[in-house]
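One structure below.
We did not get these values from a lab; they are worked out from the coordinates using the rules stated. Since the model is a prediction, treat every value here as computed from it, not as a measurement. All Cβ positions, even for glycine, are placed from backbone atoms using ideal geometry, and neighbour counts span all protein chains on display.
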Amino acid sequence: MSDTKEDDVFKQRLTPEAYAVLREKGTEAPFSGSLLGEKRSGMFRCAACGNQLFESSKKFDSGTGWPSFDEALPGAVEFIEDDSHGMHRTEVVCAQCESHLGHVFNDGPTPTGKRHCINSVCLQFEPENSSTQGEGKVD
Ligand SMILES: [Zn+2]
């Protein structure tokens, strides 16, 4: 998985912080993410590949310090059993580029019962009325 050409592309495209979380399964510090308080309507995309992941209507304030969603878009993410760090958790990865996004827990406050705990640095927010809807928009 390492030193592939694909990883080089991600390294160029992502900040070191984003790369460490998305591609090396890191975790950002709680309450550090720029999208934690994002309350506008729109779409949260994968920061690595632009895949649409979560609608803003699915976002809720979990109090954990990470953006939390009760449901992902159908087929947008995949779930992987994760037994690292002496815990049994379920990892959430992007279904398109397999980048690490966060974890999902079964203690959500909404009818889905799910709490997708996602690193802000793994997400790009696209406001609903944004006129720049260009695909693959990378700066
Ligand atoms: Zn992705």
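Quick notes on this structure:
- Neighbour counts of other Cβ atoms within 10 Å put Phe125, Phe31 in the fewest-to-most order Phe31, Phe125.
- Virtual spin-label span in nm between Glu98 and Glu17, 7 Å along Cα→Cβ: 2.7 nm
- Taking other Cβ atoms within 10 Å as a rough exposure proxy, Cys46, Cys97, Cys122 sort from fewest to most as Cys97, Cys46, Cys122.
- Taking other C-beta atoms within 10 Å as the exposure proxy, Ser56, Ser41 rank Ser41, Ser56 from fewest upward.
- 3J(HN,Hα) couplings calculated from phi for the range 74-87 with the Karplus curve 6.51 cos²θ - 1.76 cosθ + 1.60 (θ = phi - 60°) are, in sequence order, x, x, 7, 10, 10, 10, 10, 5, 10, 9, 6, 6, x, 10 Hz; Gly and Pro show x.
- The H on the amide N of Phe105, modeled in the peptide plane, is under 5 Å from the matching H of Arg115, His116, Cys117, each at least 5 residues off or on a different chain.
- With R₀ set to 25 Å, the beta-carbon distance separating Val9 from Glu78 gives a calculated FRET efficiency near 0.75.
- Stretchable slack from Ser41 to Thr64, in nm (0.36 nm times residue separation minus alpha-carbon distance): 6.1 nm
- Lysine pairs in the range 1-112 whose alpha-carbon atoms fall under 19 angstrom of each other, counting only those eight or more residues apart or on distinct chains, come to 4.
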